[in-house]
Amino acid sequence: MIVPAAGTGARMGGVRKPFIELGGRTVLDWALAPFLVRDDVVELVVALGGGVTGERLVRADPRVRVARGGASRFESVASALDHLESEAGVVAVHDGARPFPLPVVIDACIRLAVDGWGAVAGVPAVDTIKETDGDRIIGTPRRDALWYAQTPQAFPRRVFEQAVAHCRGSGLSPTDDAAMVEEMGARIRMVPSSAINLKITTPEDLVVAEAYMKKGFVTSRV
């Protein structure tokens, strides 16, 4: 299990998003909890930015270890992959800034990866998407074929390792794990998720997350 959490929080005014408190616990604590209750998660490597220690995380669960994150999301994921010690056949990746992954979605993603598929949590697009060149519209893709990708994303370990090696060798730095696995010709399926599985990116997202909690859509169940 890999959790990139090394972002600088530029769109959050420089505050590191995974360590923002939400309902009495950090965003990162929320993000990790649904995975750590699973017996099949045998290790979890969190990629943290410079100057951030993970001592508390490591003390909280012996399966958790910390790796040094990179300047990009891909570099953080690759660094965490290098630090995996188990021989687990599946690698799952979840953003440390997504506090509310749904257990049923986690389970579906992991089951698909065990069966040899890549799996990507996401929701169907509800907005019309415009393709642009600068601010000039050059196309309108069919909305019924588009999804908003989330995490977790899960993959057979062998193909995931091959994809990371390919990106390193090619100088690519994808912002989505499935995008690099697609380059390897792997089979990947979407797993229906929910808008509740939001990513904390701006202060407005915190307002939405707190509203979900206030309305009872999210609880500290794990």
Some residue of the range 116-138 being over 20 Å from L198 (Cα atoms) and assigned to a helix (DSSP H, G or I): no
Matching residues in the range 116-145 - criterion: being in contact with a Pro (Cβ under 9 Å, 6 or more places away or on another chain), open to solvent by 20 Å² or more (accessible area, probe 1.4 Å) and among the aliphatic types (A, V, I, L, M): V123, I129
Some residue of the range 155-166 being exposed (fewer than 15 other Cβ atoms within 10 Å of the Cβ) and in a loop (DSSP other than H, G, I, E, B): no
Qualifying residue in the range 137-146 (condition: within 25 Å of V41 (Cβ to Cβ) and not aliphatic (A, V, I, L, M)): no
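Tell me the residue from V27, V37, V41 that is under 18 Å from the mean Cα position of the chain (by Cα), open to solvent by 40 Å² or more (accessible area, probe 1.4 Å) and of a type in the set (A, V, I, L, M), please. Spell out the reasoning first.
Working: V27 fails: open to solvent by 40 Å² or more (accessible area, probe 1.4 Å); V41 fails: open to solvent by 40 Å² or more (accessible area, probe 1.4 Å).
Going through V27, V37, V41 in turn, the sole match is V37.
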Within the range 181-202, considering residues that are open to solvent by 70 Å² or more (accessible area, probe 1.4 Å) and not aliphatic (A, V, I, L, M), the one nearest to L112 (Cα to Cα): R189
Counted residues, the range 209-221 - those being open to solvent by 60 Å² or more (accessible area, probe 1.4 Å) and not small (G, A, S): 6
Residue match in the range 115-125 (condition: closer than 20 Å to T175 by Cα, touching a Leu at 6+ places or on another chain (Cβ under 7 Å) and free of Cβ contacts under 8 Å to residues at least 24 places away in the same chain): yes
A178 being open to solvent by less than 60 Å² (accessible area, probe 1.4 Å), without any contact (Cβ under 8 Å) to a residue 40 or more places away in the chain and small (G, A, S): no
Residue list for the range 182-209, restricted to those being outside any loop (DSSP other than H, G, I, E, B) and under 20 Å from the mean Cα position of the chain (by Cα): E182, I188, R189, M190, V191, P192, P203, E204, D205, L206, V208, A209
Residue that is free of Cβ contacts under 8 Å to residues at least 60 places away in the same chain and open to solvent by less than 10 Å² (accessible area, probe 1.4 Å), where the choices are V66, V93, V46, V15: V46
Residue in the range 92-102 that is within 16 Å of the chain's Cα centre (by Cα), closer than 30 Å to G216 by Cα and assigned to a strand (DSSP E or B) present: yes
Test for A113: is it small (G, A, S), surrounded by 14 or more Cβ atoms within 10 Å (Cβ to Cβ) and closer than 14 Å to M190 by Cα: yes
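The values are calculated or read from the model by the stated rules, or taken from the named source; none is laboratory data. What you see is a predicted model; the values in this text were computed from it and never measured. Quick reminder, even Gly has a Cβ in these numbers, built from the backbone with ideal geometry, and neighbours come from all protein chains shown. Side chains are part of the model used for accessible areas, which takes the heavy atoms of the whole protein and leaves out ligands, DNA and RNA. Shrake-Rupley method; radii C 1.70, N 1.55, O 1.52, S 1.80 Å.
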